[in-house]
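Readers should treat all values here as calculations from the given coordinates under stated rules, not as data from a laboratory. If you're wondering where the values come from, they're calculated on a predicted model, not measured in any experiment. Positions of Cβ are backbone-derived with ideal geometry, glycine not excepted, and every protein chain shown enters the neighbour counts.
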Amino acid sequence: MEKSLKRASWNEARATYEGLGVDVEAALSAIDAIPISIHCWQGDDVGGFERAGAELSGGGIQVTGNQPGKARNIAELRHDIEEVSLLSPGPKRLSLHASYGEFGGKKIDRNAIEPAHFAGWMDWATARKLPLDFNSTLFSHPLAADGYTLSHRSPEVRAFWVEHVARSRRISAAMGKSQGSACVHNIWLPDGSKDSPVDRTGFRSRLLESLDASMAERLPASQVEDSVEGKLFGIGSESFVVGSNDFYLGYAATRKVFLTLDMGHFHPTESVADKISAVLPFVPGLLLHVSRGVRWDSDHVVTLTDELSELCRELARSGQLGRIRFGLDYFDASINRVGAWALGYRSARKALLAAFLEPHARLLAADEAGDGFARLALLEEAKALPWSAVWDEYCLRSGAPLDSEFIAQVAAYARDVLSKRS
Ligand code: RNT
Ligand code: ZN
């Protein structure tokens, strides 16, 4: 019964869009060409598996909440990722942090990690047709405990982290090679201070030197896409962040690496959507970290906000999809982790869909005619178009639950799997 009603809404929606000059099938194909990279770290509160019970520490990021059911080992995390995949329609990748390697109970420090520690992930991901992305991990470590890594005053500490990033790049390249699709390697580091330093210049010149040293080895762009991620502030780095957006914009433009734009890393009145067209002429590509900032926190679960919708519209309008990567970045331990994980994915996918259903030709015509009123009115009309009927069809075609089935499926997994974890 419900499914036949869905059919009727779908047919009606398709006709409505046709009337506005929008080809719904083309929009569905367009979003099917955009993989969303699922971040591994929502399942275990950014703890990683370097040792049993490892936890996020330092770095100016924080997970709050104590919902039971957290993944305690790699097998549980993989199980959860499989569930998130079932709940999430559309093409996916998986973004791993370096702290999620398989170290077999041995103490392998960050300056000793190798592709072999990720061979299990590569096999697992290949079997599930899930290409991998990678992240250096420059936090939750004694040598990052005072808040500095690549820009540290100590040459020994810097050398340690340079080696870590260099090895992370090699691991990324190994992944890219084996999966036949470039692995995006993201570099984010927490360096900064609570109060204003006097020697900002010193920190930034050391970061520049360290980054250059870690990227000295030339690796094929077909295997690895390095990307640098700036930030406005973190917890404990309110007055100074060495790797600010300005710093990395210059770095990415001159070193020809990708720039990461995290939606939670800018002043709330700044539009990350606006940055896409401003930055793309100068960098080889962008990695979007799809997140949601709320007051001081940059990593709330993604929901269908105006910021996300606008970001996806700008992405759809850019005509540069080949140079934009799309990854999730949020963590919340206060609600069902798997549910939160998939909810953020689904909202991101919905925003992409709605963006590609925009009556683009009409809007552009109003824009080009200088008819500001018609443009504004059309944009308002577009917000209420029946994209949710197209979303239902997309879920049905891909075998993912409809919104009306989503909560129950998450609850069943909590009952059957998560509640059995202590
Ligand atoms: C932190 C950055 C970074 C992290 C992940 C865990 O502010 O957004 O991307 O969230 O590396
Ligand atoms: Zn981020």
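Brief remarks on what is shown
- Neighbourhood net charge (15 Å Cβ-Cβ; Lys/Arg +1, Asp/Glu -1) for ALA377: -2
- Net charge of neighbours whose Cβ lies under 11 Å from the Cβ of ASP109, counting Lys and Arg as +1 and Asp and Glu as -1: +2
- Hits among lysines - C-alpha to C-alpha of LYS231 under 16 Å, sequence gap 8 or more where chains match: LYS194, LYS275
- Cβ-Cβ FRET estimate between ALA112 and GLU238, R0 fixed at 35 Å, reported to 0.05: 0.55
- Degrees between helix 387-398 axis and first principal axis of the chain (Cα, 0 to 90, nearest 10): 70
- Counting neighbouring Cβ atoms within 10 Å and putting the fewest first, the residues LYS6, LYS420 line up as LYS420, LYS6.
- Phi to ³J(HN,Hα) by Karplus 6.51 cos²θ - 1.76 cosθ + 1.60 over segment 43-49, Hz, x for Gly, Pro: x, 9, 6, 6, x, x, 10
- Using a Förster distance of 41 Å, the FRET efficiency for SER318-VAL294 (Cβ separation, nearest 0.05): 0.95
- Across segment 136-144, rounded Karplus estimates of 3J(HN,Hα) from the backbone phi angles (6.51 cos²θ - 1.76 cosθ + 1.60, θ = phi - 60°) give 4, 10, 10, 8, 6, 7, x, 7, 10 Hz, Gly and Pro being marked x.
- Distant-in-sequence amide H partners of LYS92 (H built 1.01 Å from N, under 5 Å): ILE36
- Per-residue 3J(HN,Hα) values for segment 154-166, derived from phi via the Karplus relation 6.51 cos²θ - 1.76 cosθ + 1.60 with θ = phi - 60°, read 7, x, 5, 5, 4, 4, 4, 6, 4, 5, 4, 5, 4 Hz in sequence order (x marks Gly and Pro).
- Distance between modelled label sites at ALA221 and ALA75, nm, 7 Å Cα→Cβ extension: 4.3
- Amide H to amide H, with H built 1.01 Å from N, VAL184 comes under 5 Å of PHE134, GLU225, counting only residues 5 or more places away or on other chains.
- Loop-resident sites, segment 276-335, for trypsin sites (Lys or Arg not before Pro), counting at most 13 other Cβ within 10 Å (DSSP): ARG295
- Full extension of the segment from SER422 to ALA365, taken as 0.36 nm per residue of separation minus the current Cα-Cα distance, would add 14.6 nm.
- Efficiency of FRET between ALA145 and ALA166 - r from beta-carbon atoms, R0 25 angstrom, step 0.05: 0.70
- Only one residue of SER99, LEU138, GLN62 has its Cα farthest out toward the positive end of the dipole of the chain, where Lys and Arg carry +1 and Asp and Glu -1 on Cβ, and that residue is SER99.
- Restricting segment 18-84 to trypsin sites (Lys or Arg not before Pro) that sit in a DSSP loop and have at most 16 other Cβ atoms within 10 Å of their own Cβ leaves ARG51, ARG72.
- 222 nm mean residue ellipticity, helices alone, for the chain (DSSP H n ≥ 4; -39,500 (n - 2.57); rounded to 500): -14000 deg cm²/dmol
- Tensor-based shape of segment 216-323 (alpha-carbon gyration tensor, a/c under 1.5 rounded, otherwise prolate or oblate): oblate
- Pair ALA52, LEU396: separation of 7 Å Cα→Cβ label points (nm): 5.0
- Loop sites in segment 183-249: GluC sites (Glu not before Pro), DSSP, at most 14 other Cβ within 10 Å: GLU217
- For the chain, share of DSSP beta bridges that run antiparallel, in % to the nearest 5: 15
- Local net charge near TYR330, Cβ-Cβ under 12 Å (Lys/Arg +1, Asp/Glu -1): -4
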